[in-house]
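Worksheet: one structure, shown below.
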Amino acid sequence: MKRIGFAIVLTVLLVGCSSTPEAFRITGELTGEVENGTKVFLKTTDSLRRNMIDVDTAIVENGKFTFSGTSEVPELYYLFVDGVRGNSPIILENGEISFKAQKDSLAFSKLRGTLQNELFMEYLEESRTLASMSRSMNDDFRKASAARDTATIDALREEFTELQEKAKNFDLDYLKAHPDALISALILDKVMAGKALPLEEIEALFEAFTPEIKASKPGQRVKEQLERAKATAIGTVAPEFSGPTPEGEVLALNDVKGKVTLIDFWAAWCRPCRMENPNIVSVYQKYKDKGLHIVGVSLDRKKDDWLNAIAADSLDWNHVSHLQYFQGPIAQLYNINAIPAAFLLDENGVIIAKNLRGKALEEKVAELLN
């Protein structure tokens, strides 16, 4: 009896210790005439999310393949099949992951087995249902229009308006309902980049995430963006920076601050920026002798483009650029993901306004300097 009791206790202890998986295993199944020896590639994106990086390779045998490894936190990866267009997103987290797909429809794969992949599937299925309903309504609307069925047309318009509202709020509603889902962090990362919500609301949504989701790559990106956004909020001292001038020297913000300073993020390729430049030139000419200073921060890639635009638009003020597009250190420091973007500083370097253009810019500068 003592031996049996000890065995039961040991079994319970072992089960308890192994309840949290320490590695992942992807069991994949492909249908649709996939030859033995076909390669399946597991990939992720680089730190800028612009290029794919190979992580591992598996070989298909009788339509099946496997990957295994460890993942400290859930992360989004992609499966590619050699010679097949498209890819299938998959969330790597420790545990048994089942993957099934038709060779020519990788985007419609089925993922099962771990929490994050189940949540991901739930999100995709609900999203696809909304898209299918929209297509169906469009078809019904075309048929009703052809038949001049005004009653049906009016009813469909009302339904379609409701569906559009639901679709518009779908991502945000899912995010709020699933603070434990990696897809929620990916959604919030997109929302943060698009500045679609007030900073305070984004921060509250982030704080609601589970520790695991906060620690994920998209969670960390949101955290970093929040920190940078708070560092450039109205009422804070503008972060100090320096950068190369057109002459190849180094210019620091602190060296060129005036009674009022405009930090203008722009680029030669940015049409809205170029259209706004004449207004900035006009304001500068009126107020430069009263203490208005401007620092142009270009997001160009090519020096010739930058210099030619400065000359063409008569931008007779200080300029800096690392010629690194949105990845330049100043753009990153100020959390710039769209241009034109501008910060207006008072004589103490405190940010007092953002993104003023046209008449609004001149009125604010006049208020401060007249």
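Computed from the coordinates by the stated procedures, all read-outs in this text should not be read as laboratory data. It should be emphasised that the depicted structure is a prediction, and the values quoted were computed from it without experimental measurement. When we count neighbours, we look across all protein chains shown, and the Cβ atoms used for this are built from the backbone with ideal geometry, even at glycine.
By how many degrees, 0 to 90 and rounded to 10, does the Cα axis of helix 2-17 deviate from the longest principal axis of the chain? Around 30 degrees separate the two axes. Summarising the overall dimensions of the chain from its C-alpha atoms, the Rg and Dmax are 27.5, 97 angstrom. The loop-placed trypsin sites (Lys or Arg not before Pro) in the range 275-368, going by DSSP, that have at most 12 neighbouring Cβ atoms within 10 Å of their Cβ come out as 302. Among the trypsin sites (Lys or Arg not before Pro) in the range 99-173, those placed in a DSSP loop whose Cβ has at most 13 other Cβ atoms within 10 Å are 148. In terms of other Cβ atoms within 10 Å, 234, 352, 187 run from fewest to most in the order 234, 352, 187. Can you bin the range 52-91 into rounded, prolate or oblate? Criterion: square roots of the alpha carbon gyration tensor eigenvalues sorted a ≥ b ≥ c, rounded for a/c under 1.5, prolate for a/b above b/c, oblate for the rest. Note, shape of the range 52-91 comes out oblate. Listed by chain and number, the lysines whose C-alpha is less than 28 Å from the C-alpha of residue 230, apart from same-chain residues fewer than 8 away, are 168, 176, 190, 195, 214, 217, 257, 259, 354, 359, 364. Taking square-rooted eigenvalues a ≥ b ≥ c of the alpha carbon gyration tensor, is the range 32-132 rounded, prolate or oblate, where a/c under 1.5 means rounded and, failing that, a/b exceeding b/c means prolate? Here the range 32-132 falls in the rounded category. Helix 303-312 axis versus longest C-alpha principal axis of the chain: approximately 40°, rounded to the nearest ten. All other residues whose Cβ lies under 11 angstrom from that of residue 325 are scored, Lys and Arg at +1 and Asp and Glu at -1, for a net of +2.
Taking Cα atoms only, the orientation of helix 271-287 departs from the longest principal axis of the chain by about 30 degrees. For 275, 52, 192, the sequence from fewest to most other C-beta atoms within 10 Å is 275, 52, 192. Going from the residue with the fewest nearby Cβ atoms within 10 Å to the one with the most, 201, 212, 35 rank 35, 201, 212.
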